[in-house]
Amino acid sequence: MNIWNPVRITWLHRANPVVKLGLICALFFMTVLTHDLDFVIYQAFIFMICLVLLSGVKPWKMLLFFIPFLLAFISSASSMMLFGKGETIWWEWGLFRVSEESFYRGLHLGFKGIAFASEGLLLVTTTSSVDLFYSLMQKLRLAPKYAYSFMASIRLLPMVWEEYVIRRQALKVRGVRPIRGVRGMVHRAGMYVVPLLAQSIRRAHRVAAAMEAKQFDGDRAKARTYYYPSRYSRYDLLVVGLLAAAACCAYIAAGYFPWFGIGDVRFD
Amino acid sequence: MSKTAARWVSSSTAEAGTEQAVHVEGLRLKYPGEERLMFKDLSFSAARGEKVLLLGPSGCGKSTLLQVLSGMIPRATEVPMKCEAQLVPRSWGYVFQDPDTQFCMPYVDEELAFVLENLSVPRDEMKERMQAVLHEVGLDLQELHMPISHLSQGMKQRLALASALLLEPEVLFLDEPSALLDPEGREQIWSAVKAVSEGRTLIIVEHRIEEMAQYVDRVVLFTPDGAILGDGPPAAIFAEYARELQAYGIWYPGVWEDYAESRAGRELFAPVDAPGDELGSLMLEADSSYAHLGEPVIRLDDFRGLRWEKPVVSLPSAEVYPGDFIAVIGPNGAGKSSLLLSLMGLLRAEGTYVLCGEEVIQGKRRKVRKKRERQLRQIGFVFQNPELQFLTERIGDEVMYSLLVDHMPPDEAKARADRCLERFGLDGMDNRHPYQLSTGQKRRLSVATAMARQPAVLLLDEPTFGQDARNTFAILEMCERLRRAGTAILMVTHEMEIAQRAATHIWEIREGRLTSSLPSPRWCSGTESGRETDGANHADASRDTLAASGYLHTGVNA
Amino acid sequence: MGTSVQEKLGVQPRKGLRLSDILVTVLVSLVLGVIYHFWGSVYNLLKPLFFEADELLYGMWFAAATLAYLLIRKPGVAIIAEVAAAHVEVLFGSGWGLTLLLYGLIQGLGAELVFAAFRYRSTSAWTVAIAGAGAAVGSMVMDFYYSYTDDLQTWMFLAKYGMRVLSGAVIAGLLMLLLAKALDRTGVTSLLRPASKKDYEALDDPRHV
């Protein structure tokens, strides 16, 4: 299930999902441990560029990820800016206290969020769920019962949606009047959630029985063969090299062309 | 040892040298939470290559027995059981009832590959095996990597059979494979089963046996308690236990004829005269909302139902009179359900729609919408899935809910609800949760909640789908009762017998258009009506239409 | 009476997670994840109303863990449930999907530890409320690394996480208990309960015949 529908197949698409997962997790780790504002800004910048180049998504669709980036930037940055700890107060009004430290920390958080999101999208736009699970089973020996449970459940989700639509129609037909207030909201939510979950539980149970009837052994990844092969290739090396190089560029750029020159943004 | 689920002396391979394919002796099984044992000391066996049909009323445990015979209970599903001896086949395949929950992968090839992966078949052999087995069941797809959701229900069951065949089974267990299929789908699955059953043992549980009753070698009839009543060749069992077959609601060949001869059936299928006489004489519930004789309760002119701004069903002109029972037939996806949804106001519509003399105006403005909703309250709707309609946690409240919404005084509502439940065979269960009912009871309850309100029009979307004969007739009887009180009924159905015997008119919808609307044989056998008449012999005309559209079900195919 | 050959036929161990348990957990969690995605995105638009107001609804994110436990009552389901609910964001193609997966893991762990402390035997209101709070604590720990929340002004910090813990206890705890009870009443959960010794003994009980 890949809603981004890539139009260009890049190196990143061809690399092995497990390798990508490991790589992106490493990048995450690096970003989490970055406390330097300039480094984080360059990371955000460089990974956004990587995303544009490597995701293979149609240009207008890229707006779909940039808009949430902007919103998230504003919300996470502003929260820290207005309420963060700090000694050098710039502006104060009521509960809001913007200090120098909190301002830069807020900025840092905003850009960090963008860096995380870009890294995440590098994985999500280039890997389909099925490929990822097959890869996990073959390379990391993930027990098939987990992988196939996920894949089967993803397959069953559209049915739940259809039932939701029918339920909404049925409630209308039966003439259900909404009750006001919080209790009403909870009750109304319950009117949807209980039947949908009841049907889902029953369905999941039946699918599990059907899978068992097909001689599925969920515990041993080794004994089974796989329809979709998961292989390592030179693209894996290329991709690792590329993203590592990008990270290094960001680091070097932060050293030579700092925007703020602040260093560690944490409070102490 | 006290915790073992089953104690048996096993010989799980075929080296025993007997001709038996499956065998269980002295079986005792009880579901946790149930009061009584499902099986008490039951013994059953089947020989190699035998085709056995297990028959019995709903809930007698036939599916459970199938799971025990295959070993799924207690291996995959934990249910307390014990037996004295058991022989489980070395290789077996199982086909379940619901086409939608048998598969775990979204694409055909991935699903078949799933089975092959389980068997540790090398990747290069997979494609070949998949194609071979699909060919065997008659599913010739150009592209193997096809979404399963694009297959029809009958094709899905064939796919399920194909994946069972990949296991190279000695025994095939078929658990009501055709229960949730329309006639075309049923034909597909049974022809596929017949094609692949050469040399294999078949153990089949089924309710609708018209298509394959003569194909099996042996029929085993169960009582509601889970004991074996009769065991022998089909002809003998059908002859000796005809009464039980009827009582258990099994769709045996000739069930419609037998019912038509019974007292209830004669009343149900009685020919319908001109509207005037009937309504006057048979007003059972004096409360009928709309009974202006001679005037249509629904009039449609250039009516189109829209989905995403595109018409999915269009009717150039149509009229529905009180006391009409219209069967809406047509191929899958033609737009029959969309028609009902549009009439109910759940889909946007265009064109003229006059209900009970007042026009239903389509529009988005709040006032228009409110007025429309109020008008449409005169129509009752029964969805295909009964559970999705239930609102309360008690059966008693369920029926009353609709009546209270209509602003009926509570005492009157309670009285009417109780009467309704009694008529539907659901009395004495006031406090039970609707979800705890059996499928047939749930279906009756959902129909009851709509009928209790005595709407001017009742719309039903395949209410007899997957039901046994008894429930089907019960629902038809209730519809007839309502019809005689003046309600107009529109029922989407695949059951041609309903269209020919119980309905008064037949509308056919193809590719989103109403292609014909004819009176049914039931209407024609009465006197000439004051309605539009096209020519001399309506009975033949409607049968011709049905035959031409390929729907006339001729009964048993040997 | 005879030797049991269950093991030879590969009967799954009763204590561990069966395929059915995992599938039910994952599907239920995916459904809850979808609900949160739609409902949450609507609420996010209202976030500026008063700061950190979305903390009051944050408990919804932990609901999968507690509900799954109430349905299945075995070790490990809380973690699987949270990871599955977070996976929904990945399926929707969100960039934060991966971050949320990690959050889900730790949140699930928070709830799991509480259930483990009660030896997986308790399903009382207190247990689930504390588990919901535990998941909130897990997300708090993650926040320290991701968002430097330990550098917020103290009153803000207490307000934010106080609301979150409360939300966890109420939404993921008590509300899910009500939901689980409603599901019990429909009877679907009987499919999920393992049989007890009494049920096996009932096979021989002459009264049940």
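Rule-based calculations on the coordinates, nothing more; no lab input. This structure is a prediction, so every number in the text was calculated from the model and none was measured. Note that each Cβ is placed from the backbone with ideal geometry, even for glycine, and that neighbours are counted across all protein chains shown.
Figures for the structure shown
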quantity	calculated
Degrees, to the nearest 10: C:63-72 long Cα axis against longest axis of chain C	10
FRET E, pair B:E128, B:D100, Förster distance 30 Å, beta-carbon r, rounded to 0.05	0.60
Ellipticity estimate at 222 nm from DSSP helix runs (n ≥ 4, -39,500 (n - 2.57)) divided over the protein assembly as shown, nearest 500	-15500 deg cm²/dmol
Relative exposure of A:I154, B:I228, A:I262, judged by other C-beta atoms within 10 Å (fewest first)	B:I228, A:I262, A:I154
Stretchable slack from B:Q378 to B:L404, in nm (0.36 nm times residue separation minus alpha-carbon distance)	7.9 nm
Per-residue Cβ neighbour rank within 10 angstrom, fewest leading, B:E143, A:E101, B:E136	B:E143, B:E136, A:E101
Out-of-range pairs (alpha-carbon distance over 18 Å; input B:K310/B:K336; A:K139/A:K214; A:K145/A:K214; B:K30/B:K82)	A:K139/A:K214
Charged-residue dipole, Cβ positions (Lys, Arg, Asp, Glu), segment C:16-189 about Cα centre, Debye nearest 20	660
Dipole of segment C:16-189, positive direction: furthest Cα of C:A172, C:S94, C:W61, with charges on the beta-carbon	C:A172
Using a Förster distance of 60 Å, the FRET efficiency for C:R121-A:R177 (Cβ separation, nearest 0.05)	0.90
Estimated D of segment C:16-189 in µm² per second, where Rh is the Kirkwood radius over Cα pairs and Stokes-Einstein applies at 37 °C, 0.692 mPa s	206
Antiparallel %, DSSP beta bridges [both residues in chain B], to 5	50
Segment B:426-442-segment C:150-194 distance, computed between alpha-carbon centres (Å)	32
Where only alpha carbons of chain B are counted, the Rg and the Dmax (Å)	25.7, 79
Kirkwood Rh (inverse of mean 1/r, distinct Cα pairs), segment B:347-501, angstrom	16.5
Equivalent ellipsoid, the protein assembly as shown (semi-axes from 5 times Cα gyration tensor eigenvalues, Å)	53, 38, 28
Span from the segment B:77-105 Cα centroid across to the segment C:97-145 one, whole angstrom	37
Net charge of Cβ neighbours under 13 Å - reference A:L238; Lys, Arg +1; Asp, Glu -1	+2
Label-to-label distance, nm, for residues given as B:E19 and A:R168 (7 Å Cα→Cβ offset)	6.2
Calculated on alpha-carbon atoms, Rg and Dmax of chain A in Å	24.0, 69
DSSP bridge orientation in the protein assembly as shown - percent antiparallel, rounded to nearest 5	55
Ascending count of other beta-carbon atoms within 10 Å, so fewest first, for B:D461, B:D397	B:D397, B:D461
Of A:M30, A:A189, A:V165, farthest towards positive along the dipole that unit charges on Lys, Arg, Asp, Glu beta carbons give chain A	A:V165
Debye log10 I(q)/I(0) for segment A:1-159, one point scatterer per Cα, at q = 0.13, 0.20 Å⁻¹	-0.74, -1.21
Charge dipole magnitude, Cβ of K and R +1, D and E -1 - chain B, Cα centre, debye nearest 20	1620
